[in-house]
Each structure stands twice: as structure tokens, then as C-alpha cells.
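Down below is the structure, laid out as C-alpha cells.
Where a number appears in this text, it was derived from the coordinates with a stated rule and is not lab data. Given the structure is predicted, the values throughout are model-derived calculations rather than measurements. Here Cβ is always computed from backbone atoms with ideal geometry, including for glycine, and neighbour counts include all displayed protein chains.
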Amino acid sequence: MSARGRIAIAGAGLSGAVIGRALAAEGYSVEIFDSRSHIAGNCHTERDADTGVMVHVYGPHIFHTDDTEVWDYVNRFATFMPYKNRVKTTSQGQVFSLPVNLHTINQFFGKTFRPDEARAFIETQADTSITDPQTFEEQALRFVGRDLYEAFFKGYTQKQWGCSPTALPASILKRLPVRFNYDDNYFFHKHQGMPENGYTELVRGILDQPGITLHLGTVYHRSQNDAFDHVFYSGPLDGYFDYENGQLGYRTLDFERFTYDGDYQGCAVMNYGDVSVPYTRITEHKHFSPWETHQGSVCYREFSRECGQDDIPYYPIRLVEEKQQLAAYVRRAEEETAITFVGRLGTYRYLDMDVTIREALDTARLFLDQRRVDIPMPAFLHAPV
Ligand SMILES: Cc1cc2nc3c(=O)[nH]c(=O)nc-3n(C[C@H](O)[C@H](O)[C@H](O)COP(=O)(O)OP(=O)(O)OC[C@H]3O[C@@H](n4cnc5c(N)ncnc54)[C@H](O)[C@@H]3O)c2cc1C
């Protein structure tokens, strides 16, 4: 056993890998468990044997960040290729550019507006009678008016969240979701890219550190805690407590995979805004690696639905009525000793990859600092409530 101590980590995704590497590098003996047969968690990518296409197995992942330390960190373990996320949507019988930008507005209304004209026009569309928007729908109507709302926000949101936009809080749509120029790059971040050989290679590089032992296909259960000096848990918070206070609400995704000989849709992501189309989008994976050439193609039709106990939890819903249940889990977690809940599932928050890595680096640093002065780690660095 290592002189420093034994650490267990539940989950070999980005959270577990980044924390594991940092602690193993400081002489801890780190055991990482993942119930799946592969590393990289939901970022897992694998090459399709027939077509050679790099497939984002749990849905498409695009790396984007303003955090230069995180960008430098991932670039130590993988070569990042330039990638801009450009999304299209099929709505009301036409294909438009997203996010809603000057091209979308001009095409939708049959105009040739310049930016100032478009801005003034959208103001005439906005429903100014709504002074204090409470719901997603009210917020969207207040910002962009009924026509754009129904074409680009209503159906997609309803399919994504499984409820009417009148039941979702206004806070989901924080800013005006429209651009008055032709910029169709989905993200604003300083750094954007795609790992040349996929995310699993990136995570393999992070895990390539003496002192780490991997146990794939192995569920970690809290009954094992006593064998370790400290545990980092990146599995679901409610799952840790065997769902004893009920199940926290998540949306899950079903991917209907199909192949095509050639170029199926000409872009990586095509959203479907109409409620009459049951899926939210189709992703064509070879377009996530535009530096590669493949004749065959692998596509996913993506369906969103409520998550059952045996499904993969994807997006936390965080309904208002869940607050008490979540608070109960947080209280129980804080009563535990020598365990820290991390990552998107452990803290029941949606986290982009860069935020996940930032939080994992901070968690590992805090742990190492606290150990030096013998202060116990908190259950959460970033509490869910
Ligand atoms: C559909 C979708 C698309 C996304 N797209 C993007 C994107 O484009 N850009 C971006 O920056 N981010 C994106 N994200 C977010 C990204 O997936 C997360 O930031 C990242 O996966 C979080 O890593 P993690 O290690 O915290 O969790 P995970 O990747 O979920 O890893 C947790 C691991 O723990 C394992 N586990 C759980 N419980 C146990 C247990 N008891 N014992 C053992 N193992 C266990 C699980 O099997 C899993 O492998 C997307 C997320 C989703 C859902």
C-alpha cells in the first residue's frame, strides 16, 4: 500500500480521471472503478469498425472553453483539431441556420435586413405586454415574439424536456437568444476544438500515470468505503444512497443508430423544431472529424424522454418540487465522512467538459492542501443546492 494512503474513485469519466491523476502523481494509491466496460464516461468515443468513423457513443461532444489552464491541460494529453459547432434546424418545411442569426431572420421573414433593421424589427415582434416573464414561453415571447418562438424554440424545447415550455422556468432562457449578425458559431469561447483521436484517447492519456489501478465493469458501492482513506464519487448522488429518498429527475436519451453510404445530411447536427417529428435532432458523426474522409456514415436519431432507474441519466431536470428531496440527499452526503461528491452526477448539475475538468483540478488541489494540514475534505466543493 502507498505511504500516502488509498483512494477510491467511482467513475472513470473526466472527473475521476483528472482527480485520480493528480492524486497518484502525489504518491497516493488510486483505485478507479467504473461500472461500464470503458473509460471516459459519457464522453466516450470509439471508431466504428465498418466505416472507420469516430462515433461519440453517448451523444456529440464539442470542447469549448475560456479557461486557458484547462485548455493547456487537455492539450497535454491529446492533439486538438480546430472545430466550429455549426448547427442547422429543419422547421416548418425549411432548413435554417442556428443559433437564430441575421441569416435565419432574413430567411424566415423573407427580408434583407441589415443588423440595425433586424434589431428594430424583432423589437416589433416581441410581446411587450409581458413585463415580468415567469415561464420559458413568456420569456421567449418577450424576447422574440410568437413566430420565431414557435419555429425555433417551442417544439424543440417541448421534446427535449418532455413538458410544455409554459411549465419551464424563464431562467432557462437567460439572454436574448438571437444574433444580429451572420455569426453561426454556436459557442463564443476563446478555445474550441475536437481531440484528433477522440475523447477516450484523451482520457487514456490522463489515466496514464503510475499509481492508478483501473477496475472496469465494476460497480463501486458505499459498503466498500472502509477500505479507503478517502472516496471521490462521480456516480449519481441518489444512486449512492440506493435511491432511499426517491429518484432525482433526469432526462435520458435514446439514440437510434443508422448508417448511410455517402453524406446523409451534409452537416454534423440537424435539429428538428416541429413537434410532429418525434426526435430532437440527427447527428452525423463523421462531420465531427472534418479532417478525416470516410465514404460510409454513422448517424444517430436522438429521442429525449424521462429517465427510469435502469436508464442512463443525461440531463438533470431540477424541478422546483425536487428541491426538498435534493436537500435531503445533500444533508445525508454531508453526514458521511471521507467522501467527496464530484462531477455532473455526484453534484446533480449539468456541467460542460471544461467546467468538469476545472472542478476536478480544484478538488484535487484542495484535497492535497487539506491533507498537508490534516483538515477533512467537505462532501461537496460545489453543492447541488
Ligand atoms: C448528450 C450530452 C452532450 C454533451 N455535450 C457536451 C459538449 O458538447 N461539450 C461539453 O463541454 N460537454 C458536453 N456534455 C457534458 C459532458 O458529458 C460532461 O461534462 C462529462 O461527461 C462529465 O464527466 P463526469 O466524469 O463528471 O461524468 P460522466 O462522464 O458521466 O462519468 C461518470 C462515470 O461514473 C460511472 N459510474 C456511475 N456510478 C458508478 C458506480 N457506482 N460505480 C462505478 N462507476 C460508476 C459511470 O458509468 C460513468 O462512466 C454533454 C453531456 C451530454 C449528456
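Table for the structure above
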{"item": "Which numbered condition M81 misses (of (1) within 26 Å of G296 (Cα to Cα); (2) within 13 Å of the ligand (Cβ to nearest atom))", "result": "(2)"}
{"item": "Meets criteria (within 31 Å of the chain's Cα centre (by Cα), loosely packed, with under 15 Cβ neighbours inside 10 Å and within 29 Å of T283 (Cβ to Cβ)) for V87", "result": "no"}
{"item": "Helices (runs of 4 or more DSSP H) lying entirely in the range 312-385 (those with 1 or more residues that are within 16 Å of the ligand (Cβ to nearest atom) and more than 30 Å from F255 (Cα to Cα))", "result": "323-335, 353-372"}
{"item": "Candidates A40, A78, A49 - the one that is buried (at least 19 other Cβ atoms within 10 Å of the Cβ), over 17 Å from the mean Cα position of the chain (by Cα) and small (G, A, S)", "result": "A78"}
{"item": "Boolean, E292 is more than 16 Å from the ligand (Cβ to nearest atom), more than 17 Å from G11 (Cβ to Cβ), acidic (D, E) and part of a loop (DSSP other than H, G, I, E, B)", "result": "yes"}
{"item": "All strands (runs of 3 or more DSSP E) inside the range 198-284 with 1 or more residues being among the aromatic types (F, W, Y)", "result": "230-233, 250-261, 269-272"}
{"item": "Residue selected from the range 110-135 under the condition in contact with a Leu (Cβ under 9 Å, 6 or more places away or on another chain) and hydrophobic (A, V, I, L, M, F, W, C), by the criterion surrounded by the most Cβ atoms within 10 Å (Cβ to Cβ)", "result": "A118"}
{"item": "Residues of the range 5-56 classified as in contact with a Phe, Trp or Tyr (Cβ under 8 Å, 6 or more places away or on another chain), over 27 Å from R301 (Cβ atoms) and in a loop (DSSP other than H, G, I, E, B), total", "result": "3"}
{"item": "Single residue of the range 208-245 satisfying the filter (among the hydroxyl-bearing types (S, T, Y) and in contact with an Asp or Glu (Cβ under 8 Å, 6 or more places away or on another chain)) that is nearest to the ligand (Cβ to nearest atom)", "result": "T218"}
{"item": "Near pairs, Cβ below 8 angstrom, 6+ apart or cross-chain, from the range 369-380 (in contact (Cβ under 8 Å) with a residue 60 or more places away in the chain) to any residue that is in a helix (DSSP H, G or I)", "result": "M377/L366; M377/F367; M377/Q370"}
{"item": "In the range 24-52, the residues that are closer than 16 Å to G346 by Cβ and more than 7 Å from the ligand (Cβ to nearest atom)", "result": "I32"}
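For (1) of a type in the set (V, I, T); (2) assigned to a strand (DSSP E or B), each residue gets a yes or a no:
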residue: G59; (1), (2): no, no
residue: V70; (1), (2): yes, no
residue: Y73; (1), (2): no, no
residue: N85; (1), (2): no, no
residue: V95; (1), (2): yes, yes
residue: T104; (1), (2): yes, no
residue: Q107; (1), (2): no, no
